[in-house]
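Have a look at the structure below, then the notes.
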Amino acid sequence: MQLARIVGHAVSHIYHPSLRGWRLLIAQPLDKNQRPDGEPLLVIDQLGASIGSLVILSNDGQGARELVRDPNSPVRWFVLGLPD
Amino acid sequence: MRIAQVIGQITLSRPHPTLTSGRFLIAMPISLRALSTTMQPDGEEIIVWDDLGAGLTCWIGVSEGVEATMPFRPDRKPIDAYCACLLDHLYLDEQATREVLS
């Protein structure tokens, strides 16, 4: 799991079928003192994370595939939780 | 998935048998600082398998690692980067970006 901050969202009209209907956010992974750590990621979100909020991301591919209910989905990162 | 821009294309002369019908792009990922200022990719180039027909200078979402081979299950392909979506619009919130980068 990884701490990250949502810094925006992305719009895509041509995508892998398993991404249909999913909200695509741009998340910047953070290290332990909330400094940027690596490149921004495209994550799918079902919890309604607002832009600018802190989130916990998961990179468990198996969990992501179960989330989108498609065993052939290339998606990996998804919003797991919204820390208070 | 990482955000990357297509900067070129590659054709294979003697590929692995499973890669013969593939279309390969050269894509360069981008950091948040570059994305919020110059929009010039500054990452390390990667070769991406493309099914969606991404053209030059197109922004794409690249899925990496074992997830790049999932769309081909049960077949197996020796690739580690897959173009999962073509990005039409990238909206960055100034305040959130400034906060993260400061």
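Please specify each residue of segment A:54-76 satisfying the condition of being among the hydrophobic types (A, V, I, L, M, F, W, C), facing chain B (nearest Cβ under 9 Å) and either farther than 19 Å from B:Thr69 by Cβ or out of contact with any helix residue (DSSP H, G or I) (no Cβ under 7 Å at 6 or more places or on another chain) (or both).
Within segment A:54-76, just A:Ala64 meets the criteria.
Residues checked against (1) in contact (Cβ under 8 Å) with a residue 40 or more places away in the chain; (2) at the interface with chain B (Cβ under 10 Å from one of its Cβ atoms); (3) among the basic types (Lys, Arg); (4) farther than 22 Å from A:Asp84 by Cβ:
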residue: A:His16; (1), (2), (3), (4): yes, yes, no, yes
residue: A:Gly21; (1), (2), (3), (4): no, no, no, yes
residue: A:Leu24; (1), (2), (3), (4): no, yes, no, yes
residue: A:Asn33; (1), (2), (3), (4): no, no, no, no
residue: A:Gln46; (1), (2), (3), (4): no, no, no, no
residue: A:Ala49; (1), (2), (3), (4): yes, no, no, no
residue: A:Gly52; (1), (2), (3), (4): yes, yes, no, no
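Checking B:Asp50 against (1) closer than 28 Å to A:Gln62 by Cα; (2) surrounded by fewer than 17 Cβ atoms within 10 Å (Cβ to Cβ); (3) more than 8 Å from chain A (Cβ to nearest Cβ); (4) charged (D, E, K, R), which test does it fail?
(2)
What do you reckon, is B:Leu25 more than 12 Å from the chain's Cα centre (by Cα) and surrounded by 23 or more Cβ atoms within 10 Å (Cβ to Cβ)?
no
Scan segment A:58-84 and report the pairs whose first residue is more than 20 Å from A:Pro40 (Cα to Cα) and whose second residue is part of a strand (DSSP E or B) and of a type in the set (A, V, I, L, M, F, W, C), with Cβ atoms within less than 6 Å and a gap of 6+ or a chain change.
Matching pairs, first to second residue: A:Leu67/A:Phe78.
Could you tell me which residue of segment B:54-80 is farthest from the other protein chains (Cβ to nearest Cβ), considering only residues that are surrounded by 19 or more Cβ atoms within 10 Å (Cβ to Cβ) and without any contact (Cβ under 8 Å) to a residue 24 or more places away in the chain?
Filtering first and then ranking leaves B:Thr69.
Bear in mind that the values in this text are calculations on the coordinates, not laboratory data. None of the values given here were measured: they were computed from a predicted structure. Backbone-built Cβ (ideal geometry, glycine too); neighbour counts: all protein chains shown.
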